[in-house]
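**Q** For reference, the structure I am asking about is given below.
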Number of protein chains: 2
Amino acid sequence: MKFCSACAHPVTVEVPPDDTLPRHVCHACGIIHYQNPKLVICTIPTWEENGETKVLLCKRAISPRHGYWTLPGGFMENKETTTEAAQRETEEEAGAHFELLPLHSLINLPAFHQVHLFYRATLLDLEFNPGKESLEVRLFAKSEIPWDHIAFATVTQALQLYFDDVAKVKHGGTFGFHAHDIMGPGYPGG
Amino acid sequence: MKFCSACAHPVTVEVPPDDTLPRHVCHACGIIHYQNPKLVICTIPTWEENGETKVLLCKRAISPRHGYWTLPGGFMENKETTTEAAQRETEEEAGAHFELLPLHSLINLPAFHQVHLFYRATLLDLEFNPGKESLEVRLFAKSEIPWDHIAFATVTQALQLYFDDVAKVKHGGTFGFHAHDIMGPGYPGG
């Protein structure tokens, strides 16, 4: 940000009075332009086959990470809820028919100013319709997942948390809600 | 947004190619300025006294809702995690000493482009230090909560969900994770 989006005057970066962090401030119109993390909302759509849980992944047709596999998801839009975003992204990227289930995981990605939410979902049939953003959509058993070709660290983490729960559920446990932080360059543990 | 924050050229509002929603687009430098919901992170700090659960509320010293009561919380900042935001806001607004516990509720507020998260927290002592944003900080039993003077609908909802769980926990239940949508003007149920 170099210019004020309200009046086009150049902004300066400074800590405003009564604040503790540097902000983009416009001294012409007085506006402080705050920048905050974005929400990325995804689903983990699954199908049961011969007692085995398979998960739907999309092969990305867009950058970043073109050609890598991901769970359906994307940036939450204004005017929608987190579950509406989960449904929209899954329809757009996989053309899947599904029932949305409770939230499964929240993964912080502070190096990228993002928080990723993953909802469980049960596929209602096996008719998929890859959208413009997907080259291919298919189901993977845990042993078939292309772990070296997953697009994002948050998706790898969410899949691991999910399949850990699947193992617990087979022994009488329940799906829980999980929180996890993936730090990065410049962050503790990054 | 009237001007491009990168080059100061006037922006237009239009649906970009391969997109479905109107965005602020700069035809001079080509940037699309996306706008997305913000995360508000709060805590529900509690103290047990004679078998009764009391919750810490802050009386707001700032607008909006000056003089009304709220749980500690505020907008999540870039470069932090959701739990770091919860800890920071509770220290800033209440000066409280506490142990942060798991996430208790997620409340969507689509009319305001916000998602509010509420973490449980156990107070470690009764030494508070209201920050610049609080006129007063004190504990309330459920029967003492000033329901007509709570600053925000999300806080009212989170307190109700929390005390519902407190009643269940007294009968052997556990604190769950809860999701709730508060629609608004122009939204279903608003």
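**Q** Taking the range A:125-134 as the search range and keeping residues that are within 14 Å of chain B (Cβ to nearest Cβ) and not acidic (Asp, Glu), which one is nearest to residue A:161 (Cα to Cα)?
**A** First, the residues of the range A:125-134 that are within 14 Å of chain B (Cβ to nearest Cβ): A:131-134.
Then keep just the ones that are not acidic (Asp, Glu); that gives A:131-132, A:134.
Working: A:131: 27, A:132: 29, A:134: 24 Å.
Result: A:134.
**Q** Could you grab me the full set of residues in the range B:78-124 that are in contact with a Phe, Trp or Tyr (Cβ under 8 Å, 6 or more places away or on another chain), farther than 24 Å from residue B:169 by Cα, surrounded by 23 or more Cβ atoms within 10 Å (Cβ to Cβ) and away from every other protein chain (no Cβ under 11 Å)?
**A** Of everything in the range B:78-124, those that are in contact with a Phe, Trp or Tyr (Cβ under 8 Å, 6 or more places away or on another chain), farther than 24 Å from residue B:169 by Cα, surrounded by 23 or more Cβ atoms within 10 Å (Cβ to Cβ) and away from every other protein chain (no Cβ under 11 Å) turn out to be B:90, B:94, B:96.
**Q** Still on this structure, please answer the following. Looking at (1) modelled with pLDDT of 95 or more; (2) surrounded by fewer than 20 Cβ atoms within 10 Å (Cβ to Cβ), which is the only condition residue B:174 fails?
**A** (1)
**Q** Quick check on the range B:140-153. Is at least one of its residues of a type in the set (A, V, I, L, M, F, W, C), under 19 Å from residue B:180 (Cβ atoms) and in a strand (DSSP E or B)?
**A** Residues of the range B:140-153 of a type in the set (A, V, I, L, M, F, W, C): B:140-141, B:145, B:147, B:150-153.
Within this subset, residues satisfying the condition of being under 19 Å from residue B:180 (Cβ atoms) are B:145, B:147, B:150-153.
Those still in the list that are in a strand (DSSP E or B) too: B:150.
Yes.
**Q** A follow-up question, please. From the residues in the range A:34-54 that are loosely packed, with under 14 Cβ neighbours inside 10 Å and charged (D, E, K, R), which one is nearest to residue A:166 (Cα to Cα)?
**A** Within the range A:34-54, the match that is nearest to residue A:166 (Cα to Cα) is A:52.
**Q** Restricting attention to the range B:40-58, does a residue exist that is within 12 Å of chain A (Cβ to nearest Cβ) and not hydrophobic (A, V, I, L, M, F, W, C)? Before you say what the answer is, go through the steps one by one.
**A** Let us first name the residues in the range B:40-58 that are within 12 Å of chain A (Cβ to nearest Cβ), namely B:40-41.
Next, from what is left, pick out any that are not hydrophobic (A, V, I, L, M, F, W, C): none.
Checking the range B:40-58: not a single residue is within 12 Å of chain A (Cβ to nearest Cβ) and not hydrophobic (A, V, I, L, M, F, W, C).
**Q** Which one is farthest from residue B:154 (Cα to Cα), of the residues in the range B:8-33 that are at the interface with chain A (Cβ under 7 Å from one of its Cβ atoms) and surrounded by fewer than 15 Cβ atoms within 10 Å (Cβ to Cβ)? Spell out how you get there, then give the answer.
**A** Of all residues in the range B:8-33, those at the interface with chain A (Cβ under 7 Å from one of its Cβ atoms) come to B:8, B:18, B:21.
Narrowing further to those that are surrounded by fewer than 15 Cβ atoms within 10 Å (Cβ to Cβ): B:18, B:21.
Details: B:18: 35, B:21: 27 Å.
So, considering only residues that are at the interface with chain A (Cβ under 7 Å from one of its Cβ atoms) and surrounded by fewer than 15 Cβ atoms within 10 Å (Cβ to Cβ), the one farthest from residue B:154 (Cα to Cα) is B:18.
**Q** Still on this structure: Identify, please: which residue in the range B:56-77 is among the hydrophobic types (A, V, I, L, M, F, W, C) and surrounded by 22 or more Cβ atoms within 10 Å (Cβ to Cβ) and is, among those, farthest from residue B:139 (Cα to Cα)? Show your work before the answer.
**A** Of the range B:56-77, the ones among the hydrophobic types (A, V, I, L, M, F, W, C) are B:56-58, B:61-62, B:69, B:71, B:75-76.
Still in the running and surrounded by 22 or more Cβ atoms within 10 Å (Cβ to Cβ): B:56-58, B:69, B:71, B:76.
Values: B:56: 4, B:57: 6, B:58: 9, B:69: 11, B:71: 11, B:76: 25 Å.
Per the criteria, the residue is B:76.
**Q** Could you list all residues from the range B:129-143 that are within 20 Å of residue B:159 (Cα to Cα), touching a residue at least 24 places away in the same chain (Cβ under 8 Å) and of a type outside the set (Lys, Arg)?
**A** Applying the first criterion (within 20 Å of residue B:159 (Cα to Cα)) to the range B:129-143 yields B:134, B:136-143.
Keeping just the survivors that are touching a residue at least 24 places away in the same chain (Cβ under 8 Å) gives B:134, B:136-142.
Hits for the range B:129-143 are B:134, B:136, B:137, B:139, B:140, B:141.
The values are calculated or read from the model by the stated rules, or taken from the named source; none is laboratory data. Because the structure is predicted, anything quoted here is derived from the model rather than measured. We place every Cβ from the backbone using ideal geometry, glycine too, and count neighbours over all the protein chains shown.
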